[in-house]
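Below: the structure, in structure tokens.
The values are calculated or read from the model by the stated rules, or taken from the named source; none is laboratory data. Note that the coordinates shown come from a computational prediction; the quantities given were computed from them, not determined experimentally. Heads up, the Cβs are rebuilt from the backbone with ideal geometry, glycines too, and the neighbour counts pull from every protein chain shown.
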Amino acid sequence: MAAPTTSAGTVRMTADERRASVIRAAMSEFARGGLHGTSTAAIAKRVGVSQPYLFRLFDDKKALFLATVDYCFTRLRDSFDRAVEGLEGAGAMHAMAHAYTDLLGTEPEFLRMQLQAYVASQDPEYQAPIRACWERLDEQVRVLSGAEGEELTDFFARGMLCNVIAALDLPRERYFSSMKAGAQHVDCARCAAEAAGPPGTSAESC
């Protein structure tokens, strides 16, 4: 069955598709301006809809912001699921570390949106649903890797350090100078290739 079209011959989006496009536009705007510095008018303009239509899709700005935060964390969980296919234990955790640094390197809006979510969490009305996003991520890492205790703490601590490195454009080699920092029990072809690469190349996700 053909997709519905407008009188101009363009394909008409379903409500779910329009919601997804609004969330993607909202991520660009919220990542830059934060919860309080971003107007719904700017989001509507970016996606090409009216504000009244925007509020037919989302009850209010809060609902849109939280949907965008959930989208951000879901993207991360999806990348972890893809990364660990066929892996378990330390190998799965190592693959998730690579997936995370790849996401930070290729999609800077992802990092900024994540940081804006933490800032918004000072408001208790936002804190609980954003904490739920984190709890789902925490549970996923535990299940996929089997990690607990200090190993799990080290994984998330390294991830937060990667956030600071990416946000401040710090030299990665200052903190991740070799593949020894977490890869000693993992046969990682990518780390081996990076370690054998040109001077200055390092397996920073390890």
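Could you run through the range 35-63 and say how many residues are over 20 Å from Leu111 (Cβ atoms) and in a helix (DSSP H, G or I)?
16
Search the range 25-71 for residues being of a type in the set (Lys, Arg) and farther than 15 Å from Gln116 by Cα, and hand back the single one that is surrounded by the fewest Cβ atoms within 10 Å (Cβ to Cβ).
The qualifying residue surrounded by the fewest Cβ atoms within 10 Å (Cβ to Cβ) is Arg56.
Give me the residue from the range 1-34 that is among the aliphatic types (A, V, I, L, M) and assigned to a helix (DSSP H, G or I) and, out of that set, modelled with the lowest pLDDT.
It comes out as Ala15.
If I go through the range 109-158 residue by residue, how many of them are part of a helix (DSSP H, G or I) and more than 26 Å from Leu64 (Cα to Cα)?
Of the residues in that region, 15 qualify.
For (1) in contact with a strand residue (DSSP E or B) (Cβ under 6 Å, 6 or more places away or on another chain); (2) among the basic types (Lys, Arg); (3) without any contact (Cβ under 8 Å) to a residue 60 or more places away in the chain, each residue gets a yes or a no:
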site	(1), (2), (3)
Phe55	no, no, yes
Leu64	no, no, yes
Met96	no, no, yes
Thr101	no, no, no
Glu107	no, no, yes
Gln116	no, no, no
Glu125	no, no, no
Arg131	no, yes, yes
